[in-house]
Structures are given as C-alpha cells and as structure tokens.
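The values are calculated or read from the model by the stated rules, or taken from the named source; none is laboratory data. Everything quoted here is computed from the prediction, not taken from an experiment. So basically every Cβ, Gly included, is an ideal-geometry build from the backbone, and we count neighbours across all protein chains shown.
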C-alpha cells in the first residue's frame with residue numbers, strides 16, 4: 001500500500017511543473033491577444049510568464065532526459081565525451 005502512495009505523490013509532484021508551464025503559456029497568449037486588440041503590452045507580465053513557461057518545460061525535459069539516461073535510451077552524441085581515467089591531466093586544463 002505504501003508504494004501506491006509514493007507513486008501518487010510522484011505524479012502530483014510531476015504535475016506541478018506542467019501546471020506552471022501551462023499557466024505561463026496562457027498568460028503569454030492573453031497578453032499577446034490584448035496587445036493585438038489595441039491595449040498596451042505588459043512587458044513585465046510577459047517576461048514573468050515566459051520564465052514560468054521555460055522553467056516548467058525545462059524541469060519536465062530534464063526529468064525525461066534523466067529517466068532515459070538511466071535506461072540507456074540516449075544517443076551517445078547527447079551524453080558528451082567520456083574522459084579516459086588513465087589520461088594524466090595538467091593543472092588548469
């Protein structure tokens with residue numbers, strides 16, 4: 001029974017960034033439509049909504065990337081270069 005509560009809690013935690021991203025998108029859309037209707041452009045509100053949208057999107061994207069990385073489903077070119085442990089590194093390089 002404990003595992004069910006953990007999964008429900010995990011789903012709720014993953015919904016929070018999605019809700020933030022949706023709210024940011026909605027506010028940006030409303031500001032843009034208001035501007036096209038002849039009202040002024042609310043720059044600070046638009047930038048705040050853009051930050052919410054990008055923050056939510058990056059959290060969801062990072063979660064998916066980390067999950068796929070653990071399951072070895074990421075292409076090698078996205079993982080970066082692996083350093084050779086036998087290679088002697090000079091200080092400062």
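If you check 69, 73, 81 for being within 24 Å of the chain's Cα centre (by Cα), at pLDDT below 95 and part of a helix (DSSP H, G or I), only one passes: 69.
Annotation note: of 3, 13, 19, the sole residue that is assigned to a helix (DSSP H, G or I) and at pLDDT below 90 is 3.
Against the conditions (1) touching a residue at least 12 places away in the same chain (Cβ under 8 Å); (2) out of contact with any helix residue (DSSP H, G or I) (no Cβ under 6 Å at 6 or more places or on another chain), residue 62 satisfies every one except (1).
Residues checked against (1) within 24 Å of residue 63 (Cα to Cα); (2) loosely packed, with under 10 Cβ neighbours inside 10 Å:
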{"position": "8", "(1), (2)": "yes, no"}
{"position": "20", "(1), (2)": "yes, no"}
{"position": "23", "(1), (2)": "yes, no"}
{"position": "27", "(1), (2)": "no, no"}
{"position": "33", "(1), (2)": "no, no"}
{"position": "38", "(1), (2)": "no, yes"}
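Taking the criterion of being farther than 22 Å from residue 11 by Cα and in a loop (DSSP other than H, G, I, E, B), would at least one residue in segment 46-66 satisfy it?
no
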